[in-house]
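Structure first, then comments.
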Amino acid sequence: MLGLLLVACTRTETIPTGPSLKKTFADDFLIGTALSIGQIEEKDSLADALIREQFNALTAENIMKSMFLQPEWGKFDFALADKLVDYGKKNNMAIIGHTLVWHSQLPRFVYRLTDKDSVSEFFTNHITTVASRYDGKILGWDVVNEALNEDGTMRGSIFYRLLGEDYVTEAFRLAQLAAPNTELYYNDYNIEQPNKRAGAIALIKKIKEAGVRIDGVGIQGHWHARRIPLKDIEESILEYTALGLKVMITELDVELLPRNFTGADISERMKMKDDPAFNPYVAGVPDSVQQQLASDYEALFKLFLKHRDHITRVTFWGVNDGQSWLNGWPAPGRTNHPLLFDRDFKPKPAFYKVIEIKDNLN
Ligand code: 9MR
């Protein structure tokens, strides 16, 4: 079906025209992607054309993290974030702020803070300044990112250690005050897994019991081919919905390369091995593996559609395979293929499979 037609774009590039994810799922949920700096600066016309054609929600892959927005104490740099917000406005796309509070990618000066008052000052000032600037201009904020350990206990981040366990509720309270017109989310990986999910539910209940607003939960969705935890994902969608929250899949990718743990904790690494089995798809992905990826994405999107009343957005973590963080993590220098568009921005079999699900329903 749906043959790919290549037509000349007004610029010198060719862009694929044909099925569009955002059009196909327009009645179901937003379809998002994460943009790199170059993409926000519209440096690559091919990427730009694909973004406009396929997506209606944008997350900055990096530039709205605190190390970029506040590189020096009290000095903010909003240039790229403003550009992203303008890009979204120009193209009628929702912008998701990622992220106000995260233990990683902090400004360098924060790692040197050792007393509660200074951390508290940074925490309050950062959330208030950044959230108020974009209130009414963006759809939502990942207010707190990755506050939990795999067993559901609180991660011993600088915020937890110096501000105490209520820091998550406090972050939402500050965000609510600064951004009354912006949705507020808790975002984490593996929170579909039972133990971590229980920790997330306890955290969400605590926020709500304090009378503080939380609108949604982001299940990141860094999953592995052949091992998509569909049952856990479905249970999670239902349990988070039962708390009155919107559910979002916020950083979707399906990894093809071998690794010996799950999740997305960037402090975990794997040693490079001088063994082709460790990096098997440098020259491309065999058809059987493309089909595996397609059937994993098919199962996921069938599940998302089943719960379309509860899921408000599905965001892929990157526009094409070449951009994916999974080329450099958990081991550097590998060639990964986790997304729906290949390194040349061409739709893969998984893309057509996802589109077909809707075609077959209609
Ligand atoms: O994709 C991001 C990559 O470019 C950065 O180097 C990395 C640094 O930690 O962060 C990546 O994005 C992460 C996201 O912000 C939070 N969840 C896990 C993502 C993958 O590490």
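The values are calculated or read from the model by the stated rules, or taken from the named source; none is laboratory data. All of these numbers come straight from a predicted model, not from anything done at the bench. Note that we place each Cβ from the backbone using ideal geometry, even for glycine, and neighbour counts take in every protein chain shown. Heads up: the accessible areas ignore ligands, DNA and RNA and are worked out on the full protein's heavy atoms, side chains in. Shrake-Rupley method; radii C 1.70, N 1.55, O 1.52, S 1.80 Å.
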Quiz prompt | For the stretch 125-178, radius of gyration divided by Kirkwood radius, i.e. Rg to Rh on alpha-carbons | solution = 1.02
Self-check item: Projected label distance in nm at Phe109 and Trp73, using a 7 Å step from Cα toward the beta-carbon
Solution: 0.6
Quiz item: Averaged per residue, what accessible area in Å² does the stretch 250-316 show with a 1.4 Å probe, protein chains only?
Solution: 48
Quiz item: Three principal axis extents, largest first, for the C-alpha atoms of the stretch 227-285, in Å?
Solution: 49, 27, 18
Exercise. Mind listing the long-range amide H neighbours of Leu148? Cut-off is under 5 Å, sequence gap 5 or more, other chains count too, H placed in the peptide plane at 1.01 Å from N.
Key: Arg155
Quiz item: Rounded to two decimals, what is Rg over Rh for the stretch 18-133 when you use alpha-carbon atoms and the Kirkwood radius?
Solution: 1.06
Quiz prompt | the stretch 11-86 - Kirkwood radius from inverse mean 1/r over Cα pairs (Å) | solution = 13.9
Quiz item: How would you rank 148-156, 27-35, highest first, on the average number of other Cβ atoms within 10 Å across their residues?
Solution: 27-35, 148-156
Exercise. Report the semi-axes of the equivalent ellipsoid for the stretch 273-362 in whole Å, largest first, where each axis is √(5λ) for an eigenvalue λ of the Cα gyration tensor.
Key: 27, 15, 11
Exercise. Only bridges with both residues in the chain count here: give the DSSP antiparallel percent, nearest 5.
Key: 15
Quiz item: When N is the residue count of the stretch 178-236, what does its C-alpha Rg come to as a fraction of 2.2 N^0.38 Å?
Solution: 1.28
Practice problem: In nm, give the distance between the simple-model label positions of Asp359 and Lys83, each being 7 Å from the Cα along the Cα-to-Cβ direction. | Solution: 3.7
Exercise. Select from the stretch 53-143 those GluC sites (Glu not before Pro) which occupy a DSSP coil region and have at most 15 other Cβ atoms within 10 Å, ordered by residue number.
Key: none
Quiz item: So which chymotrypsin sites (Phe, Trp or Tyr not before Pro) in the stretch 178-269 pass both tests, a DSSP loop state and at most 12 other Cβ atoms within 10 Å of the Cβ?
Solution: Phe261
Exercise. Divide the volume of the convex hull of the Cα atoms of the stretch 65-181 by its number of residues and quote the answer in cubic angstrom per residue.
Key: 99
Exercise. Rounded to the nearest 10 degrees, what's the angle between the helix 79-90 long axis and the longest principal axis of the chain, both from Cα atoms, 0 to 90?
Key: 50
Exercise. May I ask for the angle, rounded to the nearest 10°, between helix 116-133 and the longest principal axis of the chain, with both axes built from Cα atoms and the value confined to 0 to 90°?
Key: 50
Quiz item: Counting only protein heavy atoms and using a 1.4 Å probe, what share of the accessible area of the chain belongs to carbon plus sulfur, as a whole percent?
Solution: 51
Quiz item: Given the alpha-carbon gyration tensor of the chain, what are the semi-axes of its equivalent ellipsoid in whole angstrom, ordered largest first, with each equal to the square root of 5 times an eigenvalue?
Solution: 32, 23, 21
Quiz item: If eta is 0.692 mPa s and T is 37 °C, what Stokes-Einstein diffusion coefficient results for the stretch 154-258, Kirkwood Rh from Cα pairs, in µm²/s?
Solution: 224
Self-check item: In sequence order, calculated HN-Hα J values of the stretch 52-63 (Karplus, 6.51, -1.76, 1.60; Hz; x Gly/Pro)
Solution: 5, 6, 9, 10, 10, 8, 10, 10, 6, 5, 9, 6
Exercise. Determine the equivalent ellipsoid of the stretch 300-347 by diagonalising the alpha-carbon gyration tensor, then write out the semi-axes as square roots of 5 times the eigenvalues, largest first, rounded to whole Å.
Key: 26, 12, 8
